[in-house]
Each structure stands twice: as C-alpha cells, then as structure tokens.
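Below is one structure, written out as structure tokens; the observations come after it.
The values are calculated or read from the model by the stated rules, or taken from the named source; none is laboratory data. The model shown is predicted, which means the values in this text are computed figures rather than measured ones. When we count neighbours, we look across all protein chains shown, and the Cβ atoms used for this are built from the backbone with ideal geometry, even at glycine. Note: accessible area is taken over every heavy atom of the protein model, side chains too, but ligands, DNA and RNA are not part of it. Shrake-Rupley method; radii C 1.70, N 1.55, O 1.52, S 1.80 Å.
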Amino acid sequence: MKLKTLALVCAGASMFSGSVLAKTEVNFWYSGGTKPQQMMVELIEEFNASQNEYEIKPALQGNYTETYQKLQAGLASKTAPELVLLDSGRAEAMHGRGLSRDLSTYMDDEFNFADFVSAFRDQVTAEDGSVIGLPAYGTTQVFYYNKHVLAEHGFTEQDLSTWQGVAKVAEKVTKRDDKGNPTFYGWEPMWGQHNMIDAAFSNGAKVISDDGKTVLIDSPEWVEVWDSFRKWIHDDQIMRIHYGGQGWEYWYKTIDDVMKGNALGYTGSSGDQGDLDFTKLAATTQPGWGSNPSAPQAGAQVFVMPKSTDEEAAKGAFEFMEFYTNAKNTAAWSMFTGYIPVRMSVENVPEYKAFTQKNPQALIPLKQASFASKDFLDPTNGKIMDALKVAADQIQIQNVPAEKALKRAAKKAQRALDKANRS
C-alpha cells in the first residue's frame, strides 16, 4: 500500500513539475556577424533562464535577405515565427503589406518608448502612430582617422568638420612617388553609395519629392556632392576607393590601409570599432557639406512581430524585446559589438559610463545618431537604391561625370517609382 501511494505521489509530482516547466515557445529568426551572434545567444539564454513563461527558440539565418525571403514563405504557409530581425527597409515593407503587428498595443508607460534614440524611433513609427517594430541596435557610418598623422601635419579634428576641410587635409597629407603616384592617401570613403548619400543629404538633397511622385537624385544638390567625390578620387587622387573582391574584402582592405599607415582615415561602420586600434586612431562624426550641418543616415536592425501567429507566444516575443532593449542590455550589446545602443538612458548605466570614459570613440556613433537623418525607405522595393548604387560605381570606379551618371539613375528610378505608385 505504501509503495502504491508513493508511486501516485511521484506521478503527481512529475505532472506538476511538467506543468511548471512547460513554457510557451517563441520562434525567432535572426542573422548577424560573429559578435552579434555571440551576444544574441547570450541574451536569449539569460532571458530564458530569467522567467518561467516563455522559451525563445532562435534560428540563425544566412543574412537579412535570406531571412526575409524565408519569412514570405512562412507567412504563406502559416509557419512564420513570432519574432524576426529585419533591416528597416524590410520592416517597412512588412508594415506596408499589413503583415506585422502594431507594437504600441503592447507598450505601457514603464516601457518608455520616448527613451529610444529619435532617429531609430522615427524609423519604426508609421504615419498613423502605429509602431511597426522595435529597434534592436543601430548603425551609422562615422569617421576613423590616424590622430598622430593628423597632428603631425598641424591639423585638428575640427579641420575634418566639413567635406571641404577633409579635402584640404587630404591634399596636404597625400604622399606621392617620383612619378606622382600616391603612396599615402588623404582619405578613403567606403565603396558604395551610402556615405556619398550622407554627404548629399548634408547639402540639402532629397531622394524623392515630398508628395512621393518625383525622383530628385539628379538635382544640383546631388550632382555637386557626387562630382566632388569623383574629382577627389580620379582627378586629384587624394582619396581612394577599394572595390570588388570576395564578400567584405574591400571593407577590410580599406581598414587595413588606415591601420597599416597607407591612408589618413576612412568612412566606416560604427560596428568596425572592435577591429580598430584606438591607440593609433580616433573617431569623429561625419562632416557637413560647406556651411550646412552634417546629416548622415542612421539605420536600425528591427525586431518585427508578424501577424497571424500564436497570441501567447507574441506576448513572449514582446517581453523578450523589452528585456533585450533595456538600458543595461543595450549598453552591453554596444560595448561588445560596437553598434549603437537604442536607448538614450544607456548613458546612465555605470558600466557604460566607465567604458566610454576609457573608450571615448564608443560615444561617437550614439552622438551622430542623435542628429542623424533616418535611413531612406525605398518605396520601390530597392529599385531607387539599386540605381544609386550603379551611379556610385560609375563615379567612384569608372570616372563617369556625376551629372551623366545621376541622370541615367534618375530615369530608371523614376520608372520604378511610377510603377510603384500605380500599384
């Protein structure tokens, strides 16, 4: 009799234990580089251990494009995850198609959405006030330069506060061999359209008109800026572009030039900081154009909650986002990866205060994000940005005059915009 009673007690305990341990599973698809992957895994494990209601089930994807493509199939087959990490453009596309949840319905006063960096907050706030996603971490392109070389030539960081000043410094510090070929470059803009777009925005340039009907990328504001880069690279040879190669090869060649003493500085991602030696280098915000203030883009990777997923799991997804983006965790993310924290209150985190006092360059991306333009969200599903990329290649690599390259780009982009507006 005692054995039977003991067995029943054990069985009851087992059933009770099972009910306690059973958590609602929250499927989460994400991608990212090595350091972001490491930090994501750590935060997921910490969240899962911190409470008994939800279990985040992560699934690493190849990249953001692959994540989005797979998500489309998941939505069609009703197997989409409760949470997905996308770039801001694809997050906007999800909202435009009515496929994502409005996160404002999950927020309370304690969540303090107003604490998020304004450039990132604006990116995820729709015109109707709905919140299409939550910024996970931010990135922006900043200036990295050899502080010793700059000082040796009698310049200070203030001399890099305008692009015209950068050109003046670059001309002075560029070294050449007996045949006039550069052996040390004054500056290396990163290959691609992005930091030239940033410079154009500082010149008052717009991609499309306010009514959303006209492409403006061949306006004088664009041509002036982009042809100046062409001149600095090809005519004056005081700047250089590394391009092509496998994967991120061009990026690391650019970094190596500055690290190995072949260039004064370069324009690169806030996420580069983990690869740089700040005993040699310093960081500063992007310059303005002429007398205009700096207006670089700042973009966020965005947590999105697809519609038509399990309601209880969706609650768990938001709880994880709230945990992930609290001041302490966004500070830890930034310190480890170099990307921008998403909350302004990060500056009150003691560990972050100590870290930035020792590593002042870590504050530069956050400072830039506080006055940055939000990333342009392409209404043509990338066709306008593709046209700008082609034009940038023609200017940076082929020495095509900017007016010619941008007129071609504008025609292609206008056709795409007209089609998008008709659909």
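At-a-glance table
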quantity	calculated
Scope region 237-249; condition modelled with pLDDT of 95 or more and open to solvent by less than 50 Å² (accessible area, probe 1.4 Å); matching residues	Ile238, Met239, Ile241, His242
Pick from region 22-60, criterion touching a residue at least 60 places away in the same chain (Cβ under 8 Å) and small (Gly, Ala, Ser), ranking: farthest from Gln273 (Cα to Cα)	Ser50
Subset of region 266-300 (residues that are surrounded by 21 or more Cβ atoms within 10 Å (Cβ to Cβ) and at positive phi)	none
Filter result for Ser118 (hydroxyl-bearing (Ser, Thr, Tyr), surrounded by 15 or more Cβ atoms within 10 Å (Cβ to Cβ), out of contact with any Leu (no Cβ under 7 Å at 6 or more places or on another chain) and modelled with pLDDT of 95 or more)	no
Complete set of residues in region 133-160 that are touching a residue at least 40 places away in the same chain (Cβ under 8 Å) and open to solvent by 50 Å² or more (accessible area, probe 1.4 Å)	Lys147, His148, Glu157
Given (1) touching a Lys or Arg at 6+ places or on another chain (Cβ under 9 Å); (2) in a loop (DSSP other than H, G, I, E, B), number of the condition Lys78 does not satisfy	(1)
All positions within region 342-353 that are open to solvent by 60 Å² or more (accessible area, probe 1.4 Å) and either of a type outside the set (Asp, Glu) or modelled with pLDDT under 95 (or both)	Met344, Glu347, Asn348, Pro350, Lys353
Residue list for region 130-175, restricted to those being polar (S, T, N, Q) and not in a strand (DSSP E or B)	Ser130, Thr156, Gln158, Ser161, Gln164, Thr174
Residue satisfying all of: in region 91-106; assigned to a helix (DSSP H, G or I), open to solvent by 60 Å² or more (accessible area, probe 1.4 Å) and at pLDDT below 90; nearest to Met321 (Cα to Cα) among these	Glu92
Of residues in region 255-279 being without any contact (Cβ under 8 Å) to a residue 12 or more places away in the chain and part of a loop (DSSP other than H, G, I, E, B), the one farthest from Thr183 (Cα to Cα)	Thr279
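Quick grid of which residues meet (1) under 25 Å from Glu188 (Cα atoms); (2) surrounded by 15 or more Cβ atoms within 10 Å (Cβ to Cβ); (3) basic (Lys, Arg):
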| site | (1), (2), (3) |
| --- | --- |
| Gln394 | yes, yes, no |
| Val400 | yes, yes, no |
| Arg408 | no, yes, yes |
| Asn421 | no, no, no |
